[in-house]
1. Does at least one position in segment 191-203 carry a residue that is within 20 Å of residue 88 (Cβ to Cβ), modelled with pLDDT of 90 or more, crowded, with 21+ Cβ neighbours inside 10 Å and under 14 Å from the mean Cα position of the chain (by Cα)?
2. If you check every pair at least six apart or on different chains, which have Cβ atoms under 8 Å apart with a residue in segment 102-113 that is free of Cβ contacts under 8 Å to residues at least 60 places away in the same chain first and a residue that is open to solvent by 70 Å² or more (accessible area, probe 1.4 Å) and in a loop (DSSP other than H, G, I, E, B) second?
3. Only residues that are over 24 Å from residue 50 (Cα atoms), at pLDDT 95 or above and outside any strand (DSSP E or B): list them for segment 70-102, please.
4. Show the residue pairs that are 6+ apart or on different chains and have beta-carbon atoms under 8 Å apart, the first residue being within segment 132-160 and closer than 21 Å to residue 185 by Cβ, the second being modelled with pLDDT under 95 and part of a loop (DSSP other than H, G, I, E, B).
5. Being in a helix (DSSP H, G or I), in contact with a strand residue (DSSP E or B) (Cβ under 9 Å, 6 or more places away or on another chain) and open to solvent by less than 60 Å² (accessible area, probe 1.4 Å) is true for just one of 142, 112, 155. Which residue is that?
6. Give me the residue from segment 204-236 that is open to solvent by 60 Å² or more (accessible area, probe 1.4 Å) and not small (Gly, Ala, Ser) and, out of that set, modelled with the highest pLDDT.
7. Taking the residues in segment 24-47 that are more than 17 Å from residue 73 (Cβ to Cβ) and of a type outside the set (Gly, Ala, Ser) as candidates, determine which candidate is modelled with the lowest pLDDT.
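The values are calculated or read from the model by the stated rules, or taken from the named source; none is laboratory data. The shown structure was predicted, so the numbers you read here are calculated from the model rather than taken from an experiment. We place every Cβ from the backbone using ideal geometry, glycine too, and count neighbours over all the protein chains shown. The protein model used for the area step is the full one, side chains on, heavy atoms only, and it has no ligands, DNA or RNA in it. Shrake-Rupley method; radii C 1.70, N 1.55, O 1.52, S 1.80 Å.
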Amino acid sequence: FAVLVLALGIGSSVATFTVANGWLLKPHPALGAPDQLVIVARVDDGARPLGWSHLGFLELRNRARSFTGLAASRYWTATWNHSSGTRELPGQLVTEGYFSLLGVHLERGRDFAPEENRTPGSHPVAIVSAGLWDRLAADPAFSDRPTIRLHGQPFMVIGVAPPSFRGLDLTDAVDVWIPLAMEGVTGTPFPVWQDDFFDDVLTVVGRMAPGVGVEEASTELGALSSPRLRRAYPAGAQHLAPRASAR
């Protein structure tokens, strides 16, 4: 799985990074320049991949220079409230610019904007799969107000994914994406917007900067450190359980 595993330089192999070539990303038909995409994960001392907390992801995004961009996501099950009742949909919470980073050209509409991930609970917007869009559009009322009701709350549909894209994992299709900042309305138990580093539920994908290879990026991550990261992932930190695996 890992191209290279390296120490973060903060005291223990329990706090390490791996830059992994996206083996699921390369064959994906919807991605732009997939060879530039990598998964960035932490691993524990048993080489098991670990996810990131939201604040840990922000530290990584703010400090790493080997990437033109980084995005975070997590899976969740959405409750779709429709005219005939309710239905569960496979969903994803994502950071802004998620589709742009992946090079996925939306069939309709636009990607999530930075302000839609800035304040928790403030922007109920959604991007839906092409198949879900067809089901929604079959309702005559949908054309007047293109919304989908999730967990009892209306979300404005701002974009439609191409038919060839239903998430990075080809075996785990996604029908609806919403901003990570809307986590509070989804019923998920992970407080990713709290001021701590201990909810390691996010998967991070990055696009390599021009001319930067995996080895160079790994070297940078190996030297990457900050007081916040050292506090977040100390040597021997047993709370770093593999609750989310990098895909």
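1. No: segment 191-203 contains no residue that is within 20 Å of residue 88 (Cβ to Cβ), modelled with pLDDT of 90 or more, crowded, with 21+ Cβ neighbours inside 10 Å and under 14 Å from the mean Cα position of the chain (by Cα).
2. 107/163
3. Passing the criteria: only 100.
4. Qualifying pairs under 8 Å: 136/146; 150/186; 151/186; 151/187; 156/146; 157/146.
5. 142
6. Result: 210.
7. The qualifying residue modelled with the lowest pLDDT is 26.
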